[in-house]
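These notes concern the structure reproduced below.
The values are calculated or read from the model by the stated rules, or taken from the named source; none is laboratory data. Here the structure is a predicted model, which is why all the values come from computation and not from measurement. Every residue, glycine among them, receives a Cβ derived from its backbone with ideal geometry; neighbour counts consider all protein chains shown. To get the accessible areas, we keep the full protein, side chains included, count just its heavy atoms, and leave off ligands, DNA and RNA. Shrake-Rupley method; radii C 1.70, N 1.55, O 1.52, S 1.80 Å.
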Amino acid sequence: MPLSSLNTEQLSAATASLGHNLIIASAGTGKTSTIVGRIAHLLQTGVEPSSILLLTFTNKAAGEMIARLERYFPKKVVSQIESGTFHAVSFRWLKTLYPNLTLKQPSELKTLFRSIYEKRNFVRMNLTMQPFSATYLYDMYSLYQNASLESFDVWFLEKYPEHEQVMDIYMDITQEFEKEKIEFGFASFNDLLLRMKSHLETQTIPFTEVLVDEYQDTNTLQSALIDVLKPKSLFCVGDYDQSIYAFNGANIENIATYSKRYDDASVFTLKTNYRSTAPILSLANRVIERNERIYPKKLEVGRHGKTHPPKLLMYNDLFEQYQSIAQSIKHTHVPNDQIAVIFRNNSSADGVEASLREYGIPCKRKGGTSFFDAKEIKFLLDLLSLLVNPKDMMAFIHIFEYARGVGSALSKELFQCFLYFGEGNLLQGVLYPKKYDLPKLNPNKNVQLGLFDDDQEIGSSARFNSLHLNPSLMKHPLLKHPKMTIDAVTFFRDYYELVKELHGQNNPSSILKIAIHSKLYANIIALLSTQRGRLKSGEIDEEKKSQAKERIERKANLLLDLSRQYRELRRFVNAMVLGGNELSEGEGVNLLTVHASKGLEFPEVYVIDLVDGRFPNRKMMSSVEEERRLFYVAVTRAKDKLYLSLAKFDKVKKIDYKPSQFLHEAGLIKGEFIEPEVKEK
């Protein structure tokens, strides 16, 4: 049974009495085994599986724990345990309440937000400051939802008091944004938690115990959701020293104040590390002990045998560092997929990736632009989303923004036109319109608005005779729209032909295959590959453009491969939206940001660019303590060999570098680190 394999520390935690239990699980100390052991203990002591809730930060983590439990308990018992990420669990619950709820990615909602923002006219207000852009305002609003329970204006003005003169407009934008999301059935990831929290304030779900993995990464909203669940028992597992998501709203106070917030709290510490060798753990301890010790602990060695002390690699030039690391990897006996190169900044990965490819070493990059965030993939998923939910205005806007001269505001107007033409049915309005006049789209005028003219002028479809459209398209009422141009109509023609071919189909792979080989997508490929092949001079590098085209086509075919596992379009689209961030592609050496490396382990690890300004990153850091925790996470990914590298000079930028303070703290660079002086501007 799972409990029999636990050590004394793990067993003590796993068999704790019901109540508020916090388990401080240091790097490599077997937190997953402890959580699995805890659930096994609950089941063995008669707790109903349906009254157990397991909350994790990836669906993969929840799946692995459930799979372990199935080795010891019948599947019909284990399947009753509610498990998954905060968002996935909330989405399942909310879908029973709101069957038509549509989950949208942040980039899609950002487009909706921008379409609302663009209707405001800040120029007329004679402002003494520059208003924030739509993108930045959206990001701040999203962060606010995660980080605060007070009103947006109070939270925002504490950070940016100089924006008080436009705060009313900011509030009006967010209120219209929330209204439109509800109207179209959209939900952001934050909305899932906010709506679930609101529902649970009046409806209780009787859980005997809620288990929370990676508790140090919870934000204020997630903590509030846990509290409103009101479980009889709470079992939280985390590590104060691995809290590295402050930039994303994670609130370290959740784990730091656990004992103060819950009077009956018991704290257990797992300190025996089974991952790393003694020299690696010793280095990690020397650095992290510089941070305030909220929960006193020190990693102890759980494995023995031959060890390799961490090695400092110092180079004269940045590129020399990358070339040397690639050469070292080429000659190691460790398989490529068991090696990780970890960096603080994404820019560090470019040199390493180029050097590895030069030596013919395959690599995969995680922590940069996600596969599912690539524009060519998002376009395909938007096409599918619109087939699943024809009222998905965001997917439509996202598609039509690719038409030259059609921005988010006009795209939204075109969406409303199609709904009108089809009497509420978008696809009807696109393919077989029932109404042939243009709708009235004029909003009520006020000081902030002013997008449309007082009266729409009807244009003549004869303007587009040169396009030689088929008769049904020439009769389409959209061509009368005064803002339609030849480029916009050409895009509409390609979209119309694709939708007509896809109409009535439901098999994801068949639909994707048609979409990928359509004229519409061919134009998207041409557009994106041209953009990516353009040099700073404005000229097009044909080889670079060709490589970009090849990468786009490869990604599209990968999405096609993923779709073959599904028979129903809706299930495929939901899986891609919910689980997209956890899927990766490629094989070879792992190129990882520190954040992406969390929870992983490798026999051989290189932590690169350990120079002041890059790691710690003085521009991006919230505090040196958090940067130190990032360093701690990076080095404790290593099982057997750890290499710490830096370069003294960057020939391209003509910059001299000093070794990171963490190398001083680790004892690899002699002498205390001297903080660089900040020059006054």
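Miscellaneous remarks
- Rounded to 10°, Cα long-axis angle of helix 624-635 versus longest principal axis of the chain: 80 degrees
- Solvent-accessible area per residue, Å², over the chain with all protein chains present [probe radius 1.4 Å]: 46 Å²
- Normalised by the number of residues in the range 8-132, the mean separation of alpha-carbon contacts (under 8 Å, six or more apart) gives a relative contact order of 19 percent.
- Dipole of the range 252-411, positive direction: furthest Cα of Leu318, Ser328, Phe379, with charges on the beta-carbon: Ser328
- Sorted largest first by accessible area at a 1.4 angstrom probe radius, with every protein chain in place, the residues Val605, Val77 fall in the order Val77, Val605.
- Fully extending the segment from Ser50 to Val267, taken as 0.36 nm per residue of separation minus the present Cα-Cα distance, adds 75.5 nm.
- Positive end of the dipole of the chain (Cβ unit charges, origin at the Cα centre): among Asn506, Ile52, Thr208, the Cα lying farthest that way belongs to Asn506.
- Beta bridges per DSSP with both ends in the chain, % antiparallel, nearest 5: 10 percent
- Potential lengthening between Met474 and Ser259 on full extension [0.36 nm per residue; Cα-Cα distance subtracted]: 70.3 nm
- Rounded to whole numbers, the Karplus 3J(HN,Hα) couplings from phi for the range 427-436 are 5, 4, x, 6, 8, 9, x, 9, 10, 10 Hz, using 6.51 cos²θ - 1.76 cosθ + 1.60 with θ = phi - 60°, and x at Gly and Pro.
- Close Lys-Lys pairs in the range 102-184, where close means Cα under 18 Å and separation is 8 or more or interchain: 7
- Percent of Cα pairs exceeding the 43 Å cut-off, where the set is the chain: 33 percent
- Lys, Arg +1 and Asp, Glu -1 on Cβ, resulting dipole of the range 39-144 about Cα centre, debye, nearest 20: 300 debye
- In a reduced charge model with +1 at each Lys and Arg Cβ and -1 at each Asp and Glu Cβ, the chain shows a dipole moment near 1460 debye about its Cα centre.
- Rounded tilt (10° steps) of 542-563 against the dominant C-alpha axis of the chain: 80 degrees
- Proximal charge balance of Thr218 [Cβ under 14 Å; K/R count +1, D/E count -1]: -4
- Taking all pairs of distinct alpha-carbon atoms in the range 126-241, Kirkwood radius in angstrom: 16.4 Å
- Label-zone membership for the range 75-90, site Val228, 7 angstrom Cα→C-beta point, backbone N under 17 Å: 86-90
- Förster radius 45 Å - calculated FRET efficiency between Lys306 and Asp373, Cβ distance, rounded to 0.05: 0.60
- Note on Lys480: lysines with a C-alpha under 16 Å away, same-chain residues under 8 apart excluded, are Lys434, Lys435, Lys440.
- Residue (of Asn100, Gln80, Ser90) at the positive-pole extreme of the range 79-123, dipole from beta-carbon charges: Asn100
- With every protein chain in place, the range 102-184: carbon and sulfur % of accessible area (1.4 Å): 50 percent
- Point-to-point label distance, Lys519-Asp541, nm (Cα→Cβ direction, 7 Å offset): 3.3 nm
- Accessible area (Å², 1.4 Å probe, nearest 10) - Leu502: 10 Å²
- Accessible surface for Ile205 stands near 50 Å², nearest 10, in the context of the full protein assembly shown (1.4 Å probe).
- Pairwise centroid distance, computed over Cα atoms, of the range 244-300 with the range 42-79, Å: 26 Å
- Cα pair distances in the range 43-180, grouped into 10 Å bins until the bin that holds the longest one, percent each: 10, 28, 24, 17, 13, 6, 2
- Heavy-atom accessible area order for Asp541, Asp241, Asp373, largest first, 1.4 Å probe: Asp373, Asp541, Asp241
- Helix 408-421 vs. the chain, principal-axis angle (Cα, 0 to 90°, nearest 10): 60 degrees
- Förster radius 56 Å - calculated FRET efficiency between Ser466 and Ser151 (Cβ-Cβ, nearest 0.05): 0.55
- Dipole magnitude of the range 198-275, debye to nearest 20 (Cβ charges: Lys/Arg +1, Asp/Glu -1, about Cα centre): 120 debye
- Solvent-accessible surface (1.4 angstrom probe) belonging to Phe247, in square angstrom, nearest 10: 130 Å²
- Note on Val624 and Arg571: the extension gain reaches 14.7 nm, defined as 0.36 nm multiplied by sequence separation minus the Cα-Cα distance.
- Where only alpha carbons of the range 102-184 are counted, the Rg and the Dmax (Å): 12.8, 40
- These residues, Thr307, Thr218, go from largest to smallest accessible area, 1.4 Å probe, as Thr307, Thr218.
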